[in-house]
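*Asks:* Got a structure here, written out as structure tokens. Questions coming.
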Amino acid sequence: MYVLTRFTALLLLLASSSVWALPLVTLYKDANCGCCQKYVAYLREHGFKVEAFDRADMGRIKQQYGVTRVASCHTALIGGYVVEGHVPVTAIQKLLQQKPAIAGISVPDMPTNSPGMGEMKPGTLTVYTIPAAGEMPRVFSVE
Ligand SMILES: [Cu+2]
């Protein structure tokens, strides 16, 4: 009985999302970026712990993380990947589960159908890979 109870408790623990620890998100943004702040809120609503830093040198950040050709407003670091712009959590989950050999993923610019920008319409938002030097961005997923 004791063993069974412990087992049940373990199952309950595993079923609660907090046990599947999502990686900490480090996010760089401009202090005056409203949609960046909305995106931070969106990530937190979906269980991510986000440390957001206001930076005045976002251009340098884009260069540092190789996202100048697929740049958006904010730049985030999640589980060893760069996640640029208003990327839906569904794509972030695919990235973290599939662990592809890429630098990261991006939703370039600020599309109005992306989280933190406006209303998402499933199947309409293209997420791109962050290209290595000399390569073109590829489609990572459509969310
Ligand atoms: Cu934005």
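The values are calculated or read from the model by the stated rules, or taken from the named source; none is laboratory data. In this text, all values refer to a predicted model and were calculated from it rather than measured experimentally. All Cβ positions, even for glycine, are placed from backbone atoms using ideal geometry, and neighbour counts span all protein chains on display.
*Asks:* Would you mind finding the one in 25, 70, 83, 40 that is aliphatic (A, V, I, L, M), within 11 Å of the ligand (Cβ to nearest atom), at pLDDT 95 or above and touching a strand residue (DSSP E or B) at 6+ places or on another chain (Cβ under 8 Å)?
*Replies:* Answer to the selection: 40.
*Asks:* Of all residues in region 104-125, how many are surrounded by 17 or more Cβ atoms within 10 Å (Cβ to Cβ) and more than 16 Å from the ligand (Cβ to nearest atom)?
*Replies:* Result for region 104-125: 1.
*Asks:* Moving on to the next point. Check off (1) part of a strand (DSSP E or B); (2) over 13 Å from the mean Cα position of the chain (by Cα) for residue 76 and give me the number that stays unchecked.
*Replies:* (2)
*Asks:* Regarding region 76-84, can at least one residue be identified that is among the charged types (D, E, K, R) and either out of contact with any helix residue (DSSP H, G or I) (no Cβ under 7 Å at 6 or more places or on another chain) or over 17 Å from residue 130 (Cα atoms) (or both)?
*Replies:* No, because not a single residue in region 76-84 is among the charged types (D, E, K, R) and either out of contact with any helix residue (DSSP H, G or I) (no Cβ under 7 Å at 6 or more places or on another chain) or over 17 Å from residue 130 (Cα atoms) (or both).
*Asks:* Also, I was wondering about something else. So, in region 54-64, how many residues would count as being part of a loop (DSSP other than H, G, I, E, B) and within 16 Å of the ligand (Cβ to nearest atom)?
*Replies:* Here the count works out to 1.
*Asks:* Follow-up. Those residues that are among the small types (Gly, Ala, Ser), crowded, with 21+ Cβ neighbours inside 10 Å and touching a residue at least 40 places away in the same chain (Cβ under 8 Å), I need them from region 60-84; list them, please.
*Replies:* 76, the sole residue that qualifies.
*Asks:* Examine region 32-53 for a residue that is in a strand (DSSP E or B), of a type in the set (Asp, Glu) and surrounded by fewer than 21 Cβ atoms within 10 Å (Cβ to Cβ), and state whether such a residue exists.
*Replies:* Yes; the residues of region 32-53 include at least one that is in a strand (DSSP E or B), of a type in the set (Asp, Glu) and surrounded by fewer than 21 Cβ atoms within 10 Å (Cβ to Cβ).
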